[in-house]
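Everything on this sheet refers to the single structure shown next.
The values are calculated or read from the model by the stated rules, or taken from the named source; none is laboratory data. Please read these numbers as outputs of a predicted model, since none were measured by experiment. Here the Cβ is made from the backbone with ideal geometry for all residues, glycine too, and neighbour counts use every protein chain on show.
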Amino acid sequence: MPKRVATHIFKAIQAARKILLVSHKNPDGDTLGSLAAMMQYLRHIEKPHVAFCATDISPSLMFLPHIDYVTHTPTVWDDKDIDLVIVFDSSSPDYAGVEHLLPIMKERGAQIANIDHHNTNLQYGDFNLVLPKASSTTEIVHDFFAHNKVTITPAMATCLLTGIITDTGNFTNAATTKHSMNIASKLIEKGGNMALIQGWVLKDKTINGLKLWGTVLSRMAHHEKLDIVYTYVTKEDIAKHGVTEHEVEGIANFMNNIKDGRAGMILKETEDGNFKGSFRTTHDHVDVSAFAKLFGGGGHKKAAGFSVEGPLEHAIEHIFEKIRLFENGELALAEV
Ligand SMILES: [Mn+2]
């Protein structure tokens, strides 16, 4: 934990008039767990605050305390009292969907704190508490509280444990370290409810959702030359099965169970007919964040995301061609 930054952010919180907490778009257990833990603390010290997420929250995360206080109405940003914005688990302002809002805040004199663990983080804050070695942003928030001698209540412990459980794939992926296990154990000691989290986060599949998974999994293909296993999900699939978009969220992580291929990829069609892609790998020698960066995306070595233009056939061809050129060292030439 970089102690100076942790102290500075803590002092900024104490001095702030009103604080805006921000999660990333399509929020996961880590960004919302971090936000919810901080929100609990702000409630405890009676610090005025609001909370913002640019998109909807998955029903499987609604167990987090006071999470219905988080709004996606951008007018919360108009509040002139806000003088500190804390963004959680977002490598860039775009990732949180606030690239147009943060500059306005800065102009108004508000300070930005950026708390994150993505190695692609753009260090866009006035305070950057960015630790790529941390399993999750909640692990950093835990260490931040510990450093500043903040008492972690059972509700806060549950929030923080949520991020560790979701980002480590329930303690199975490469983010699972001695430190993350150690903190998880401390959080359970402090009253963190692991069974509650696992019940909500892991046992969240519906029959129709799993039928959709079946469709998506049955399409799986193996790009032999690049040794990447991939599949896709369209808007039509989601509509046909009568499920919400949240039902497909776990498929990318599920691809970590595949023995074949050095990496897995899933493409998901967005409203505008373009595609959001996710890469996963469990192989030490593969860095999928390098693949994601080729398409302006980012993330971690073992889990990364990006966006590409549709239609589907074009997207798939474009992705594999660009990765091939990148690995052959020909990319610069091809781009000219
Ligand atoms: Mn995270």
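I'd like to check which helices (runs of 4 or more DSSP H) are fully inside region 144-218 and have at least 2 residues that are of a type in the set (Lys, Arg) and out of contact with any Pro (no Cβ under 7 Å at 6 or more places or on another chain).
Helices (runs of 4 or more DSSP H) meeting the threshold: 178-189.
Go over the candidates Gly191, Gly242 one by one and state the one that is over 19 Å from the mean Cα position of the chain (by Cα), closer than 18 Å to Leu64 by Cβ and more than 16 Å from the ligand (Cβ to nearest atom).
The conditions single out Gly191.
Could you list, in sequence order, the residues of region 1-39 that are within 16 Å of the ligand (Cβ to nearest atom), part of a helix (DSSP H, G or I) and within 16 Å of Asn114 (Cα to Cα)?
Asp30, Thr31, Leu32, Gly33, Ser34, Leu35, Ala36, Ala37, Met38
For region 251-318, please list each of the strands (runs of 3 or more DSSP E) lying entirely inside it that holds at least 3 residues being over 19 Å from Ile238 (Cα atoms) and not assigned by TED's automatic domain parsing to the domain that holds Pro27.
303-308
Would you point out which residue out of Asn253, Asn274 is of a type in the set (S, T, N, Q) and modelled with pLDDT of 95 or more?
Unique residue meeting the criteria: Asn274.
Just need a number here: residues in region 65-103 that are within 15 Å of the ligand (Cβ to nearest atom) and either without any contact (Cβ under 8 Å) to a residue 40 or more places away in the chain or part of a loop (DSSP other than H, G, I, E, B) (or both).
4
Among residues belonging to region 253-288 that are among the hydrophobic types (A, V, I, L, M, F, W, C) and closer than 13 Å to His300 by Cβ, point out the one that is surrounded by the fewest Cβ atoms within 10 Å (Cβ to Cβ).
Val286
Could you go through region 144-157 and let me know if any residue there is modelled with pLDDT of 95 or more, under 20 Å from Leu42 (Cβ atoms), within 20 Å of the chain's Cα centre (by Cα) and aromatic (Phe, Trp, Tyr).
Among the residues of region 144-157, at least one is modelled with pLDDT of 95 or more, under 20 Å from Leu42 (Cβ atoms), within 20 Å of the chain's Cα centre (by Cα) and aromatic (Phe, Trp, Tyr), which makes the answer yes.
Looking only at residues in region 118-139 that are in contact with an Asp or Glu (Cβ under 7 Å, 6 or more places away or on another chain) and within 11 Å of the ligand (Cβ to nearest atom), which one is farthest from Gly33 (Cα to Cα)?
In this case the residue turns out to be Ser135.
Would you say Ala54 is within 16 Å of the ligand (Cβ to nearest atom) and either outside the structural domain of Leu32 (by TED's automatic domain parsing) or aliphatic (A, V, I, L, M) (or both)?
no
Can you pull out every residue in region 154-200 that is closer than 21 Å to Ala304 by Cβ and either touching a Leu at 6+ places or on another chain (Cβ under 7 Å) or not assigned by TED's automatic domain parsing to the domain that holds Pro132 (or both)?
Asn170
Could you tell me whether Leu42 is within 16 Å of the ligand (Cβ to nearest atom) and not in a strand (DSSP E or B)?
Spelling it out, it is not the case that Leu42 is within 16 Å of the ligand (Cβ to nearest atom) and not in a strand (DSSP E or B).
What's the number of the condition Ala303 fails, among (1) buried (at least 16 other Cβ atoms within 10 Å of the Cβ); (2) of a type in the set (A, V, I, L, M); (3) at pLDDT 95 or above?
Ala303 satisfies all of (1) buried (at least 16 other Cβ atoms within 10 Å of the Cβ); (2) of a type in the set (A, V, I, L, M); (3) at pLDDT 95 or above except (3).
Among the listed residues Thr158, Thr151, identify the single one that is buried (at least 20 other Cβ atoms within 10 Å of the Cβ) and more than 21 Å from Arg17 (Cβ to Cβ).
Thr158
Looking at Asn114 and the list (1) within 16 Å of the ligand (Cβ to nearest atom); (2) free of Cβ contacts under 8 Å to residues at least 40 places away in the same chain; (3) part of a loop (DSSP other than H, G, I, E, B), which single condition is not satisfied?
All conditions pass for Asn114, except number (3).
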